[in-house]
Amino acid sequence: MQRIGVFICWCGSNIGGVVDVPAVAREAAKFHGVVYSAEYKYMCSEPGQEMIVSAIKEHRLTGVVVASCSPALHEITFRKNIARAGLNPYMLEMANIREQCSWVHQHEPEKATKKAIDLVRRAVAKAGKLEPLFESTIPVTKKALIIGGGIAGIQAALDIADAGNEVVIIEREPTIGGKMVLLDKTFPTLDCSACISTPKMVSAAQHPNIKIYTYAEVEEVKGYIGNFSVVVKQKARSVNSKCTGCGTCWAKCPTKNIPNEFDLGMSMRKAIYIPFPQAVPNRPVIDRERCRQFVKGKCGVCKKFCPTDAIDYEQGDEFVTENVGAILVATGYDLIDWAKIYGEYGYGKYPDVITGLHFERMVNASGPTGGKIVRPSDGEQPKTVVFVKCVGSRDEAKAREYCSRACCMYTAKHAHQVLEKIPGSQVVIFYIDVRCAGKAYEEFYLKTLHEGAIYTRGRVSKIYPEGNRLIVKGADTLLGRPVEVVADMVVLATAMIPAEGSADVARTVGFTVDKDGFFQEAHPKLRPVETNTGGVFLAGACQGPKDIPDTVAQASGAAAKIIGLLSHSEIAGEPTIARVNEAMCSGCLACREICPYRAIEPKEIVERLPGKQVTRVVASVNSGLCQGCGACTVACRPGALNLKGFTNEQLLSEVDALCL
Amino acid sequence: MMQQPIVIDDRKSDLSKEVLLHSAQDSSLCFQCGKCTAGCPVAFAMDLTPNQIMRMVQLGLIDDVLNSQTIRLCAYCSTCSVRCPRNIAVADVMDSLRIMAAERNIPGTDRSRKVNIFNQAFLDTLNMFGRSHEVLAMLLFNLRSYQPFHNAKLGLKMFNNGKIKLKPDRVKAVNEVKEIFQRINRLRKGA
Amino acid sequence: MKVAYYPGCSYETSGKDYETSAKFVCNKLGIDLIEIPDWSCCGSTAAHSTDHLLAVSLAARNLALVEKMGFDTVTASCSACYQRLALAQTELAQDKKLLEQVNEITGYDYKAAVKVNSILEIIACVDEESIKAKFTRSMENFRIAPYYGCLLVRPAKIKIDDPENPTIMDRVLQTTGARVVDWSHKTECCGASLSVSNNDIVTALVSRIIKAANVADANCIVTACALCHLNLDYYQSFVTQTKGALKEMPVFYFPQILGLAMGFSKKDMGVEYNITDTSELVKKVV
């Protein structure tokens, strides 16, 4: 027989201002199994907690009901609290009479009080069925795997490796560096992007604890927090480890004029190439779709000239298994393909309408124009440059609803660069808002204003050519008048979207994405670098649009979380996971299909029946993978699966308490 | 009012430079927060709000700006100037715009025309006597604005209180004041 | 103490009572106001709206006369005159080229070393005890809304006190025993420069100020400017009489309040030559 204590919280006037708390406490005292019922101003406060501890001891309570705020807020507080009094922490049940009662019914105090009593009755009924639960332990492999070798991945890798852990980086491109190495100068300090990111690339490559796979992808992920097994697909590079990066091969390669992805097609590369001179590793890759050796079956020039015999046409994809304790996903972003969406801006027909990233390459001294800002159509220096912000962002009708967060600042920087590099030039920036919420950002924007950039509040409606120039039709909503700019070049600040293939990464690793396809953090405020899957962490623009400072900060934050996880040799597992009653399990494995965490595996058991031994298959729950979602318990026809802490019996007793 | 598109092309306007020269105020700093308009006591009677004027100066819309009534309705109370987060003395910008309008002999319309007529009447009495003459300035204003009995009630009340003096108060060295007017006139014509 | 004094063109007309009451009070406080010989108009709004150089030159002639008198400080009762003289002085002191040009225009050799103070600042400099020693009447029945207007507190380079909540006049008035109310429209513009050309605008501005004084439960408004005085005194009739909801606010100059407290007669202080009736309130002290 349970001896239940009920503790009703006023939460100041949050609950007490609406619900008649003393009346609830009086009613609760009458419920079956309740031996003690009390109320207090703030149950979560020190005296409130003390009150619970002494009541447990005094009244020899076996279960506790706290009626207060959401369990999301204070369940852990009260679990620890009753554990101090010697109770199993899972002998607690909470009734949410704040968020689900007093806050939503503040104009109906009487009904709210009645509902609070019902909610407490429900909690008491469940408390009567609670069983002590015990946490399990899981061993931890002290090694982390990072998917994505951009600035987020590199920063996190260095942090984790510096703490003494092994790190594996998987990068899809032939070099690490990500988007940051493409950029020219970074706002608001105007320091050179490559100058600050390439040393980090080199540090990562030379770090004794870091192993880098480039031109590689994650093929398969198995296991759970502390114990992941990841199959890495090393795509065939056609160049083996004997390569010294001397450059003879790409100098001799006869296949020219392949648009270089690194320069967004504004420069050309060979069929064997490194993306840019500071690439890490400094080892080329053969583009098998364009290489004559592969397309036509004859050429062999690179192989002939290679001084170290590093060219290997026969090389195939390789699969390597890495066992790690944690996974960090840092797959970054891509820019939205505006040319498919915005007919009013010409569907990409006009060569002098470019994106911000094109501008970055162009203004970069090591870029395709050697740092000169020129019109792609005729190579002439533009005099009037128009910048259009929010192309694809803040446009739920055509593209994305969200703000891409970095564009206001890089556009201000671009404006500054035009005005600085082209004497007598004119810059018009069309904006909806100017968002500069970062340290020294507003100051940078104001500096650009001072330099003469004409900020015009309004969205551009149409861009069309007239002669060899472009007419940009916008508005000045502050004056309430249409605006027409005769421009030489238009730069679009296009929306950041999740990197291509990121949905596959989410599926392979096993975590959720948000409505826009960005990776879903466990809690937007309190757990921003974790996913809902234990041991899988997030950093950078894959979680949502971000600039470099925020990306690096988040990467270091995620690294700290991973270092924390890897600092344990074993960790506690949540006890509120599914349990199979093998005697009742029919082995249909419907549960396995429905489990989002791939936590259910078939298992063979041997049963002794009178006179014979029978071997049959039953479901088995991997306690490391199970996240306690309960989906399997619903799918299980014989009712063999139960979620500990939320068993069928417990839930039905709650239903009875509410409905009967 | 017709809302013709604002055309931004290669013919860059020097309006904001001219304003800078006149008032030492850099209008490009304005980020259109609108605090000037929000605090302007006369904004309700203006055809363009102060922040719109600032915006038009940035865009070089010289005709719109100099023909607006706003520039002369501004009472130079300077509330905008002391509250501007960008430290722009907006009232000084207005001052320079009315000067620019005067230089171009833009008479103004409606309300602004009246302000202009009164200012001119005031300066005429000043030029005549070395000191301004309230009654004469008001009479000149009434005649030139075709409203002979304007403010007659006020005049009568002031007369009854002994606050109207018909005889002008003349500076002995009135020529010195006249000289100031003439030298400046010559300077402007020479320039 | 001797100070050069600039009366301004309204000294015998609209600003007459300001001028006479200020002179009486200064005399009593031992401040000698020495009129600038053959002063001329400061140019006012009309000049600075028409030609910057004209505005500075008209003011500079008077500043040069002060220098010639051998005085280092000049004061003006009218706030508009104060602002024009003070602005010209700041510019001339900061800009040598401008000073040279202006000297050429005025024909004077001004060195730009004259300090411009409003009469309010001059009187506020006298220590409280010395002022109080001169008082014979208590002004306790006055609930004053002190009105500074724009010209004394804006723009920043010539302000005599905080532009949003000045207190210099409050302090002076409080010495008389009068209650000075805290109110919202101390420095809201009355539209003085538009009072002839666009008086409907002025009516709107004045009505807001009168309403605020009503809300603050004042029984009079006290100003330090002849233009503000005329506007508030005259244009309030359009709101207090037609709408009826607002109480009439007699308008005084601050030296009038000091003078009445010092025992001067109603006539000397000129408190009876207003458009809005002052007699009810004045009766309580005289």
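Below is a table of values for the structure above.
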{"item": "The protein assembly as shown - mean residue ellipticity at 222 nm from DSSP helices (-39,500 (n - 2.57) per run, n ≥ 4, rounded to 500)", "result": "-11000 deg cm²/dmol"}
{"item": "Pairwise FRET efficiency - C:Ala133 versus A:Leu190, Cβ, R0 = 56 Å, nearest 0.05", "result": "0.25"}
{"item": "Listed pairs A:Lys340/A:Lys462; C:Lys132/C:Lys247; C:Lys2/C:Lys111 exceeding 24 Å between Cα atoms", "result": "C:Lys132/C:Lys247"}
{"item": "Three-way shape label, the range A:460-502, alpha-carbon gyration tensor, a/c 1.5", "result": "oblate"}
{"item": "The range B:106-189 shape via C-alpha gyration tensor axes, a/c threshold 1.5", "result": "oblate"}
{"item": "Accessible carbon and sulfur surface of the range A:523-632 relative to its total accessible area, %, 1.4 Å", "result": "53 percent"}
{"item": "Mean separation of Cα contacts under 8 Å, 6 or more apart, over the residue count of the range A:578-644: relative contact order %", "result": "46 percent"}
{"item": "For residues of B:114-127, the mean tally of beta carbons on other chains within 10 Å", "result": "6"}
{"item": "Distance in nm between pseudo-label sites at C:Asp182 and C:Gln241 (7 Å out along the Cβ direction from Cα)", "result": "3.6 nm"}
{"item": "Relative packing of peptides A:540-546, B:160-166, B:23-29 - highest average C-beta neighbours within 10 Å first", "result": "A:540-546, B:23-29, B:160-166"}
{"item": "Heavy-atom accessible surface of the range A:43-181: percent carbon and sulfur, 1.4 Å", "result": "53 percent"}
{"item": "Restricting the range A:1-86 to trypsin sites (Lys or Arg not before Pro) in coil, as DSSP defines it, with at most 13 other Cβ within 10 Å", "result": "A:Lys30, A:Arg60"}
{"item": "Rg/Rh ratio calculated on Cα atoms of the range A:424-558 (Kirkwood radius)", "result": "1.10"}
{"item": "Assigned charges on the beta-carbon of Lys, Arg, Asp, Glu; chain A dipole about Cα centre (debye)", "result": "840 debye"}
{"item": "FRET E, pair A:Ser70, A:Ala437, Förster distance 51 Å, beta-carbon r, rounded to 0.05", "result": "0.95"}
{"item": "Normalised contact order of chain A, rounded percent, pairs of Cα under 8 Å and 6 or more residues apart", "result": "13 percent"}
{"item": "Complex-versus-alone comparison for the range B:40-72, residues with a loss of 40 Å² or more in accessible area, probe 1.4 Å", "result": "B:Pro41, B:Phe44, B:Gln52, B:Arg55"}
{"item": "Whole-number percent relative contact order across the range B:110-190, with pairs defined as alpha carbons under 8 Å at least 6 apart", "result": "32 percent"}
{"item": "Among the listed pairs A:Lys447/B:Lys35; C:Lys23/C:Lys97; B:Lys157/C:Lys284; A:Lys235/A:Lys525, those beyond 29 Å (Cα-Cα)", "result": "C:Lys23/C:Lys97; A:Lys235/A:Lys525"}
{"item": "Threshold 10 Å², the range C:91-116 residues less accessible with all protein chains present than alone (1.4 Å probe)", "result": "C:Gln101, C:Glu104, C:Ile105, C:Thr106, C:Tyr108"}
{"item": "The range B:15-103 - accessible surface per residue (Å², probe 1.4 Å)", "result": "31 Å²"}
{"item": "Relative packing of A:150-157, A:397-404, A:329-336, A:447-454, which averages over residues the other C-beta atoms within 10 Å, highest first", "result": "A:150-157, A:329-336, A:447-454, A:397-404"}
{"item": "Most positive-pole-ward Cα, C:Ala213, C:Gly177, C:Tyr273, against dipole of the range C:130-283 from beta carbon charges", "result": "C:Gly177"}
{"item": "Sequence of A:Cys588, A:Cys632 when ordered by accessible area, the most exposed leading, probe 1.4 angstrom", "result": "A:Cys588, A:Cys632"}
{"item": "Per residue accessible area of the range C:6-143, 1.4 Å probe, in Å²", "result": "37 Å²"}
{"item": "Calculated on alpha-carbon atoms, Rg and Dmax of chain A in Å", "result": "31.0, 99"}
{"item": "Separation between Cα centres of the range C:125-171 and the range C:201-222, rounded to whole Å", "result": "18 Å"}
{"item": "Quarter of Cα convex hull surface for the range A:578-644, i.e. mean projection, nm²", "result": "4.3 nm²"}
{"item": "Calculated FRET value between A:Arg507 and A:Asn468, using beta carbons and R₀ = 51 Å, to 0.05", "result": "0.60"}
{"item": "The range A:335-497 - accessible surface per residue (Å², probe 1.4 Å)", "result": "37 Å²"}
{"item": "Spatially proximal lysines relative to A:Lys143 (Cα-Cα < 19 Å; intrachain offsets below 8 disregarded)", "result": "A:Lys211, A:Lys222, A:Lys233, A:Lys561"}
{"item": "Other protein chain Cβ atoms within 10 Å, averaged over every residue that makes up C:146-155", "result": "4"}
{"item": "Protein accessible surface hidden between B and A, which excludes ligands and nucleic acids, total in Å², probe 1.4 Å", "result": "2100 Å²"}
{"item": "Cα gyration tensor, the protein assembly as shown - rounded (a/c under 1.5), prolate or oblate", "result": "oblate"}
{"item": "Only Lys, Arg (+1) and Asp, Glu (-1) charged, at Cβ; the range C:130-283 dipole about Cα centre in debye", "result": "280 debye"}
{"item": "Percent carbon-and-sulfur accessible area, the range C:30-185, ignoring ligands, DNA and RNA, probe 1.4 Å", "result": "46 percent"}
{"item": "Helix runs (DSSP H) in chain A reaching 15 Å along axis by Cα, Kyte-Doolittle at least 0.0", "result": "A:151-162, A:193-206, A:548-566, A:648-659"}
{"item": "Interface burial for C against B (accessible surface, 1.4 Å probe, total of both chains, Å², rounded to 100)", "result": "5200 Å²"}
{"item": "Residues of the range A:464-492 buried by at least 50 Å² on assembly (accessible area, 1.4 Å probe, chain alone as reference)", "result": "A:Leu478, A:Leu479, A:Arg481, A:Pro482, A:Glu484"}
{"item": "The protein assembly as shown, dipole about Cα centre (Lys/Arg Cβ +1, Asp/Glu Cβ -1), debye to the nearest 20", "result": "760 debye"}
{"item": "Of all DSSP beta bridges in chain A, antiparallel share, percent nearest 5", "result": "55 percent"}
{"item": "Rg(Cα)/(2.2 N^0.38 Å) for chain B, N = residue count", "result": "1.18"}
{"item": "Burial ranking of peptide ranges A:604-615, B:174-185, B:100-111 (average Cβ count within 10 Å, highest at the top)", "result": "B:174-185, B:100-111, A:604-615"}
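The values are calculated or read from the model by the stated rules, or taken from the named source; none is laboratory data. None of these values were measured; they are calculated from a predicted model. Cβ coordinates were reconstructed from backbone atoms using ideal geometry, including for glycine residues, and neighbour counts include every protein chain displayed. Ligands, DNA and RNA are excluded from the accessible area calculation, which covers all protein heavy atoms including side chains. Shrake-Rupley method; radii C 1.70, N 1.55, O 1.52, S 1.80 Å.
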